[in-house]
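A.B. asks: If you scroll down you'll find the structure; I have some questions about it.
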Amino acid sequence: MANFLPLGAFLPKPGYQFLPFDFTRLESGEYLIVNLSGEHLILSKAAFDAFTKKQITTDFDQYWNLKAKQFLLDSYDKETSEGLLASKYRTKKAFLDGFTKLHIFVTTIRCNQACQYCQVSRHNETAGEGSDMSLEVLHKSIDLMLQNPAPAVTMEFQGGESLLRFDLVKEGVRYSKEQNKTIGKQIEYVICTNLTLLTDEYLAFCEEHGVQISTSLDGPADLHNKNRPIASADAYTIVTRNIRRAQEALGTSAVSALMTTSRESLKYPKEIVDEYLALGLRSIFVRELNPFGFAIKARQAVGYSITEFISFYKEMLSYILKVNREGQTFSESYASLLLTKILTPWPVGFVDLQSPAGAGLGVVVYNYDGDVYASDESRMLAEMEDTSFRLGNVIDNSYEEIFFGETMQNIALVNCNEALAGCSDCAYHIYCGADPVRNYATQRDFYGHRPTSDFCKKNMFILKYVFELVTAAKHDTSLDRILWAWITRRDVNQMDDPGYCN
Amino acid sequence: MKLHTKASAVGINNRLVAKITNTPIAEKREDYFLIVEDVDSDLDCTGYAGILTKRLPELNKIMTPWIGGFDNMELLKPGYIISVEQNGFTHVIYRPESHNNTLFVTGRCNNNCIMCPQPPTDSEDLGWIESHLRFIDLLDADLERLCITGGEPTLLGNGLVDILKKATIRLPSTEFYMLTNGRQFAEEGYVQKIAAIPDLKLLCAIPVYSDVAPLHDHIVQAKGAFAETVKGLHNLARYQLPVEIRIVLHKQTIPRLLPLVEFIYRNFPFVNHVALMGLENMGYVKNNWEQLWIDPVDYQDELEAAVRYLHYRQMAVSIFNLQLCILNPSLHPFARQSISDFKKIFLDQCNSCASQDSCAGLFKSSETRHSRGIKPLTTEDRTNSLAN
C-alpha cells in the first residue's frame, strides 16, 4: 500500500507575479481581463481587487482559473506556464507566417455601375485604355506574387468592374498557373464583381478553374438600385438573377456577397437580411462606408455617424440571431471573425483587423497603372491623388524595393497596436488591429489618435457587444450553439449530432 | 472472465511465450505449446516450447518443458498465446477473437496515481523485452488493434522503440494504441526516434487530470509530472504523432472538469480525441474510495457541459466506462463500449434492459459498489436515446 501525499504537499508557496494582461470594467461592475493569447476571464470586483493586490489565494477557484490561463505565475511550475503562453501567442500570431497572402489585382478601374458611395473613384465604362492594366503589368505583378514566400496565396481580381476585362482575368489565371508549375504554391482565385456582365462563358471558366465569386448586394430592390444604379437598367434584378446563376454553376459556397451601408440602408436592417436569406446566401458581411473616394464627396447624401451605424449593426445582429434561433443558419461575417479571435486558439487572417496591420504584410494591391499599394484603402487614397502608401512600381522596382522599401518601413513603425497609445493598454487590443492607412485618411497621421477615431469607436462597441454574447452563451445553450455554428461554419440544426464534426 | 491460472511446471528456466496448438505440427515447434488430454508414451514432444496437459506425468528425463495441473484448463484454447512463468503461473496474453488484446510491457511506473487500477510494481522488466518481441512474432497478421500498456511503457526507453519498430514491420495493418503518461516525451530526441519509425500507426493515450500543475501532480502523486506531460504533448504534436487525452472522472477531477477541457482546447487543440472515463474500482481506488467516489448520476451536468464544450469546438469526444442508464440521454451517442471483454459484467437488473447491447456494461470490480442509478432502460428510453 503506497503512502499518498496530501494536496497540501503540492501547493505553491504564497505569492505570485503577474503575467501581461489588460482589463476593463464592464457595465455589470465586473472586470474583463484578457491576456496575450486572447484568453479572457470575467472577475467580480472583489476577485479583481484581490488578484491585483496580490491577495488572492489557492483557496479560491479564481486563483486556479488565473493560473490555468497564465494571468499569474506562482512558485509551482513557472516554466510550463511560460511555455504554454508562448506557444499560444505564437499560434495567435501565425497569420504572419509566410508573409503576404492576399494579392489584389486592379485589372481595370472602369465600371459600368455608378454607386454613389464608390470608394475607389471608378472611371467611366467608356474611359480609354489608360484605365486598364497592361499585359506587361499583369505579368510582372504575378511574378511578384509568386516571388512571395507564402505557400498559399489568394489572387483577387478587383476593379472597377473586373468583368469589363474578363480577358485579363483569364490571362491572369492562365499565366499564374503556368508560372506556378515550377513553384508549386497553392493559389486561390477570387473575382470581385457586381455580376451585372456575367455570361455563360465566364461561368464556365470560373467552374473550370475553381474561381470564386465575391459580389455586392445591398438589400431589397429599391435600396440596391438607389445605392448601386446602372444607367437605364434594373441593377437589382440583374444581380439577383446572376447570383442564382452563379450559385447553380459553381455551388453556393463559391458565391459570397457583402453589403455596404448607406444612410438609406439604416432603415432596413431586417429587409436586407431577408433579401440574403431569400437568395440562399449563408452569411452577410456588413460594412460601414469607408472614408475614401466618392464616399467622401457624397457624405452629405449617403453618410451617417458611427453611432447610427452601430445601432443599425446591433439591430441587424439581433435579427440575425433570431433567424438562427428559429433554425436557419445564417451568420454575420464580422461578428464571426471576432468570435473566432475571442473563443478559439487559432489565428485569423483578416487584413482589415490585425496587428501587425495587414497593410503590405497581409495584403498588397497591384494597381492598373503598375503601381503597388499596401492595401485596398491605399490605392483608394491614390485615386484621391495621395500616394502616401505607394510601395513602388512593378516595372521600375524589385521585390525587395517594394516590400522592404521606405514606405513599408514607415508603415511598420506604426502597425502594431501593442505599441500605440490608446491601444496598448486596451483590454480588447488582442482582438483588434492597427490601421495606419485609415488613421492617415481620417486623421492625416499614420499613428492616429484613438479618442477621436471612428475606427476605435466602432470596434470597441462591436467587441463589447460580441463579449456580451459570449458571456450570455455560457448560460444559454441555444446561443452557444449558434455562435459555434458560425465559428466552425456548420449547420446550427446539426450541432448536437454526435457524428457531425465537419 | 479470468485470463490466468495456476499450474505446476517442470523444465522451465525462463518465462516462456508461445501459441497453443492441439494438433502436432512439423515445423517451428519452438513457437508452440502442444496441448494434450493425456500423456501418451509415443508422443513426440521434441522441439515444442512446452507441453500442456491435465496432470504432469512422471518423467525421467526432461527434454521439453511440461506444464500441468491447471486450475482452469478450459481457458487454454488453440490459437491463444500464453506466457508461463517458472513457477507455472500461466497468463493468456492473446485471444484472436478479442478486440482487447494487450501487450503489457512493464509493471513499473513513474506516476503513482491515487486511482490507479493496477498499481505499479518494481519488477525488473528489461529482460522482458525479448519475450515481447517474441510475442509480436507470434501474432496473427490480420490483428486489427493492439493496446500497449503497463505500468509506463516509455520507461523501457529504447526497448519500446524496438518493440514499436518490430511491431510495425511484422503487423503493417495493425493499429497500436499506447497508454502512457507521456512524461518521457518531454525529451524531444525520444519522440523523434519514435516518429522516425516508417509507417508507424500509433495513437498515444495520455492522461491530463487538471488544468493546473499542483492538482494534476497531486492526483498522479509526482511533482513535475504535469510539466513533463505538457511538454510531451507538445513534442508529440511537433512530430505529428496522434494523441488522445484521457480524463478519469472522480471527486478530484469533477470540480474543474469544464476548466480542464477548456485548457485542453486552448493548449492542445491538435489532439485527435478526448476520452472522459468512469472510475474502475480496482487497485488504489479501493484504498482511496472516500477521496475519489462521486456517483456518476451526481456529475451529469458537469459531464454534459464538458462534452458539449468539446463537441461544439469540433474536438472528438467520447465517454468511456459509464452505463447508459446513468447518463443523460443527450450523452448516450457519446458513450462507447469501452470496457474490455474480460472485465465486463452486467448486473441482474440489466437482464431486462432494452439497451444492454449498446451499453458499456460495468467493470467486474463494480459488482457490489456502483452507481445508485443503475436500472433497466425501457424500449421507450432506448428510442429516445437513439433519437439523440
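A.B. asks: On the principal axes of its Cα set, how long, how wide and how thick is chain A? Give whole Å, largest value first.
C.D. replies: That works out to 85, 52, 51 Å along the principal axes.
A.B. asks: Taking H as built 1.01 Å from N, whose amide H comes closer than 5 Å to the amide H of A:N393, not counting residues under 5 places away?
C.D. replies: Amide H to amide H, under 5 Å and 5 or more residues apart or across chains, A:N393 pairs with A:V372.
A.B. asks: Let me ask another. Could you tell me how far the Cα centroid of the range A:319-380 sits from the Cα centroid of the range B:243-281, in Å?
C.D. replies: When both Cα centres are located, 34 Å separates them.
A.B. asks: Applying the Karplus parametrisation 6.51 cos²θ - 1.76 cosθ + 1.60 with θ = phi - 60° to the phi angles of the range A:112-122, what ³J(HN,Hα) value in whole Hz is obtained for each residue in order, glycine and proline being reported as x?
C.D. replies: Going residue by residue, I get 8, 9, 10, 5, 5, 9, 3, 8, 9, 6, 4 Hz, with x marking Gly and Pro.
A.B. asks: Right, another one. Once the Cα atoms of the range A:1-138 are picked out, what are the Rg and Dmax in Å?
C.D. replies: Considering the range A:1-138 through its Cα atoms, Rg and Dmax are 27.2, 91 Å.
A.B. asks: Test of the criteria: in the range B:1-107, which trypsin sites (Lys or Arg not before Pro) are in a DSSP loop and have at most 16 other Cβ atoms within 10 angstrom of their Cβ?
C.D. replies: Passing both the DSSP loop test and the Cβ count: B:K2, B:K6, B:R15, B:K28, B:K54, B:R55, B:K61.
A.B. asks: What is the calculated FRET efficiency for B:A26 to B:N287, with r their C-beta to C-beta distance and R₀ = 45 Å, to the nearest 0.05?
C.D. replies: 0.30
A.B. asks: Return the percentage of antiparallel bridges among DSSP beta bridges fully within chain A, rounded to the nearest 5 %.
C.D. replies: The antiparallel proportion sits near 35 percent.
A.B. asks: If you don't mind, there's one more thing I want to ask. Cα axis of helix B:225-238 to longest principal axis of chain B: angle in degrees, 0 to 90, nearest 10?
C.D. replies: Relative to chain B, helix B:225-238 is tipped by roughly 80 degrees.
A.B. asks: Given Cα positions, please report Rg to Rh for the range B:64-135, the hydrodynamic radius being the Kirkwood one.
C.D. replies: Looking at the range B:64-135, the ratio lands at 1.00.
A.B. asks: Computed FRET efficiency, Cβ-Cβ of A:E188 and A:A127, R0 30 Å: what is it to the nearest 0.05?
C.D. replies: So the FRET efficiency works out to roughly 0.50.
A.B. asks: A further question follows. Would you mind estimating how fast the range A:462-502 diffuses translationally, via Stokes-Einstein at 20 °C and 1.002 mPa s with the Kirkwood radius over Cα pairs, in µm²/s?
C.D. replies: 200
A.B. asks: Which ³J(HN,Hα) values, rounded to whole Hz and listed in residue order, are derived for the range B:150-161 from phi using the Karplus coefficients 6.51, -1.76 and 1.60 in 6.51 cos²θ - 1.76 cosθ + 1.60 with θ = phi - 60°, glycine and proline given as x?
C.D. replies: Here the 3J(HN,Hα) series is x, x, 10, x, 5, 5, 6, x, 5, x, 5, 4 Hz.
A.B. asks: Then there is this: Could you give the Stokes-Einstein D for the range A:216-284 in µm² per second, using the C-alpha Kirkwood radius, 20 °C, 1.002 mPa s?
C.D. replies: It comes out at roughly 175 µm²/s.
A.B. asks: Something else about it: What percent of all Cα-Cα pairs in the range A:56-135 falls in each 10 Å bin, counting up from 0?
C.D. replies: Result, from short to long distances: 14, 23, 13, 12, 12, 16, 10, 1 percent.
A.B. asks: Residues with amide H under 5 Å of A:R110's amide H, sequence separation 5 or more or different chain, H placed in the peptide plane at 1.01 Å from N; which?
C.D. replies: For A:R110, the qualifying residues are A:H123, A:E161.
A.B. asks: Now for a different question. For a protection proxy built on the mean count of beta-carbon atoms within 10 angstrom, sort A:487-496, B:195-204, B:118-127, A:131-140 highest first, please.
C.D. replies: The most tightly packed comes first, giving A:131-140, A:487-496, B:195-204, B:118-127.
A.B. asks: Can you say what percent of the DSSP beta bridges in the protein assembly as shown, counting only those with both residues inside, are antiparallel? Round to 5.
C.D. replies: Counting DSSP beta bridges with both partners in the protein assembly as shown, the antiparallel share is about 35 percent.
A.B. asks: Pull out the extension gain between A:K170 and A:D200, defined as 0.36 nm times the separation in residues minus the alpha carbon to alpha carbon distance; nm, one decimal.
C.D. replies: Using 0.36 nm per residue and subtracting the Cα-Cα distance, I get 9.4 nm.
A.B. asks: Counting Lys and Arg as +1 and Asp and Glu as -1, what is the net charge of the other residues whose Cβ lies under 13 Å from the Cβ of B:E304?
C.D. replies: -4
A.B. asks: When the distances between all Cα atoms of the range A:363-430 are binned every 10 Å from zero, what whole-number percent does each bin get?
C.D. replies: In order of increasing distance, the bins hold 21, 42, 25, 11, 1 percent.
A.B. asks: What is the log10 of I(q)/I(0) for the range B:314-385, computed with the Debye formula using one identical point scatterer on each Cα and no solvent, at q = 0.21, 0.22, 0.27 Å⁻¹?
C.D. replies: So the normalised log intensities work out to -0.89, -0.97, -1.38.
A.B. asks: Right, here's the next one. What is the gain in length, in nm to one decimal, between B:H91 and B:K77 on full extension, counting 0.36 nm per residue of separation less the C-alpha to C-alpha distance?
C.D. replies: Gain on extension, B:H91 to B:K77, equals 3.8 nm.
A.B. asks: Collect residues whose amide H, placed 1.01 Å from N in the peptide plane, falls under 5 Å from the amide H of A:Q354; neighbours closer than 5 in sequence don't count.
C.D. replies: Here the answer is A:A434, since their amide H atoms fall under 5 Å of that of A:Q354.
A.B. asks: Measure off 7 Å from each Cα along the Cα-to-Cβ vector at B:N351 and B:D38, then give the distance between these two points in nanometres to one decimal.
C.D. replies: 3.9
A.B. asks: A 30 angstrom limit on the alpha carbon distance is what I want to check against. Which of B:K193/B:K251; A:K53/A:K78; A:K54/A:K314 exceed it?
C.D. replies: Too far apart for the 30 Å limit: B:K193/B:K251; A:K54/A:K314.
A.B. asks: Trypsin sites (Lys or Arg not before Pro), restricted to the range B:297-388: which are DSSP loop and have at most 15 other Cβ atoms within 10 Å?
C.D. replies: Loop-located and lightly packed - B:R336, B:R369, B:R372.
A.B. asks: Next question, about the same structure. Determine the shielding of peptide B:326-333 by partner chains: average, over its residues, the number of Cβ atoms on other chains within 10 angstrom of each Cβ.
C.D. replies: Rounded to a whole number, the mean comes out at 1.
A.B. asks: Of all alpha-carbon pairs in chain B, indicate the percentage at a distance above 30 angstrom.
C.D. replies: More than 30 Å apart: 46 percent of the Cα pairs in chain B.
A.B. asks: With bins 20 Å wide starting at 0, give me the P(r) of the protein assembly as shown over every alpha carbon pair, in whole percents.
C.D. replies: 12, 37, 30, 16, 4, 0
A.B. asks: Report the equivalent ellipsoid semi-axes for the range B:332-373 in whole Å, largest first, defined as the square roots of five times the eigenvalues of the gyration tensor built from alpha carbon atoms.
C.D. replies: The answer is 15, 13, 10 Å, longest axis first.
A.B. asks: Please identify the GluC sites (Glu not before Pro) of the range B:22-89 that satisfy two criteria: DSSP loop assignment and at most 11 other Cβ atoms within 10 Å. Which are they?
C.D. replies: B:E27, B:E37, B:E58
A.B. asks: Give me the percent of Cα-Cα pairs in the range A:246-313 that sit more than 17 Å apart, rounded to a whole number.
C.D. replies: It works out to 49 percent of all Cα pairs.
A.B. asks: May I pose another question? Which FRET efficiency, nearest 0.05, do A:E326 and A:T24 yield, Cβ-Cβ r, R0 30 Å?
C.D. replies: Calculated value: 0.35.
A.B. asks: Along each of its three principal axes, how wide is the spread of alpha-carbon positions in the range A:83-210, in whole angstrom units, largest first?
C.D. replies: So the extents along the principal axes, rounded to whole Å, are 60, 37, 27.
A.B. asks: From the Cα trace of the range A:165-321, what convex hull volume per residue do you get, rounded to a whole Å³?
C.D. replies: 143
Every number in this text was worked out from the coordinates using simple rules, so none of it is lab data. As the structure is a computational prediction, the values presented were derived from the model and not from experiment. All Cβ positions, glycine included, derive from the backbone under ideal geometry; neighbour counts span all protein chains shown.
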